[in-house]
Every structure is written in structure tokens, then in C-alpha cells.
Amino acid sequence: MLPEMPHLVLLVEDDDQIAAPLIRTLEREGYEVERVDAGLPAVDRVVATGVDLVLLDLGLPDIDGLEVCRRIRAAGYTGGVLILTARGGELDRVVGLDVGADDYLAKPFGLAELLARTRALLRRSAPARAEAPVAVGPTPAPVPSAPAPAPDATDLRVDADARRVWVGATELVVTAKEFDVLALLDSNPGAVFTRERVMDEVWDENWFGSTKTLDTTIGRLRQKLEDSGTSARVVTVRGVGFRLEGGRPDA
């Protein structure tokens, strides 16, 4: 069995005095860290793939960190994005989450809190890492078996362990928060989940910001489900919350 590769964290920070201790702390925890000091190089690096988590400052010298987040999400990046910024107001927090960030940490912050949020985001959003097979001798002849039935082209399947979503045989690309919302609703299809429960379980029970970010996430998830061709739909129960309907042969 090959050893697991360390997670790659991209630090997007133009202030050397802030970047240096963050890099040391992350590397001590076993992460591989790359640093860029501007927004456009950050977009190029993420698009080049291989990044598990982006730690993103908003005050960059070329383009705003919010624009960086918007561009990498538009390019299909589904890993974690943690915004680091001196802007601590609720409006900035909501805007950051609305453009696709997963979490928000206002400066100054403790390194222990940064590491805790980093670990949480990597658990939620890092893709499953397949283990390479180990050769242990001649490969035995395969035992014939009945072929598995082909999945219906519109069936929705949420793999909670691998954090992957499938519509038929096609994988649906979703962000960490979109997955968490869908997985929660899929845990009891047809049941109504209150807005408060979704916020508590997907974000944080101590979240005091606007719930607009929930509506934005639900909106993006609905569009992706509709575009995929599945019959699964996230339905709003006015004044209460949401439920997942359809998407299964017996639905």
C-alpha cells in the first residue's frame, strides 16, 4: 500500500508577515503548502488542479479575493475555500459565502482555530484518495458473475462515504456545502428538514450570520439537479424548510 499523499493547501496572501507563520504552522501539521501573493496566479494554480484547500485573503493587489472565489468555482473547482480577511462585517461574510466560499475567518484569528477549520473543510471537501493496488503474486482468474444492472439515466445516488453524487452513471460536480445539503436531505427522502436544522448541521449551530447563504446554496443545487436531467428536486415547504423528492425508480 502506498503512503497517502499529504493534502495540498494553496495559501493566497500578499502579506509576508502573515503568510510566513501560516506556512510554518500548516507544514508542521503535515500539509503541503504552496503560496501565491495575488489573485490571478491563484486562479491559474487552482485551475491547474491538485489543490485540496484554498486559504484565501480578500485584500489582494490585483483582483479581489471574492472574484478569485467566483472564478475558481465557475471553472469547476469543488475543493474547500476558507476566506481569511480583516473584513469582519456580516455583509462581507454573506457575500463571500454567496460566491462559493465554504467558511470565513476574520483576522486576527488563532492558529488553533485555523487548523480546526482546515481539518473540517478537508474532511468535507477533499476527494476520496484511491489506494494503489499492491501486487502479491499471480492474479487469479475472475469468477464469472451476472452483470450488474445498468443505472437508470435519471437515478440520483448520493455516496456519503466517498462524498460523491451520481445521476445514473454520470458524476454530478458539487461544492462541499452543496454536497452537505443534498446528503442531509437524501438521508430521509421526502421528509421535511427545517431551515434551522439544515443551518445547524451543514454550517454551524453557533452561526449567527444571515441565512441568505442557505438560499443561495439551495438555488445552485437546484440548478445543477435540473441541468443533470434527474427527476430529483429540492422542494421548498413555505415557512418550514426543504425536502428532496424524486430521482429514484420507486419515487
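Observations on the model:
- Exposure proxy ranking, count of Cβ atoms within 10 Å, fewest first, for Met199, Met5: Met5, Met199
- Footprinting exposure proxy for Tyr31, Tyr104 (fewest neighbouring C-beta atoms within 10 Å first): Tyr31, Tyr104
- Taking each residue as 0.36 nm, the span from Glu27 to Asp62 lengthens on full extension beyond its C-alpha to C-alpha distance by 9.9 nm.
- The fewest-to-most ranking of Val36, Val237 by surrounding Cβ atoms within 10 Å reads Val237, Val36.
- Proximal lysines to Lys224, defined as alpha-carbon separation beneath 24 angstrom and excluding residues fewer than eight positions away on the same chain: Lys177, Lys212
Read the figures in this text as sums done on the coordinates, not as results from a lab. Given the structure is predicted, the values throughout are model-derived calculations rather than measurements. Cβ sites come from the backbone with ideal geometry, for glycine too, and all protein chains shown count toward neighbours.
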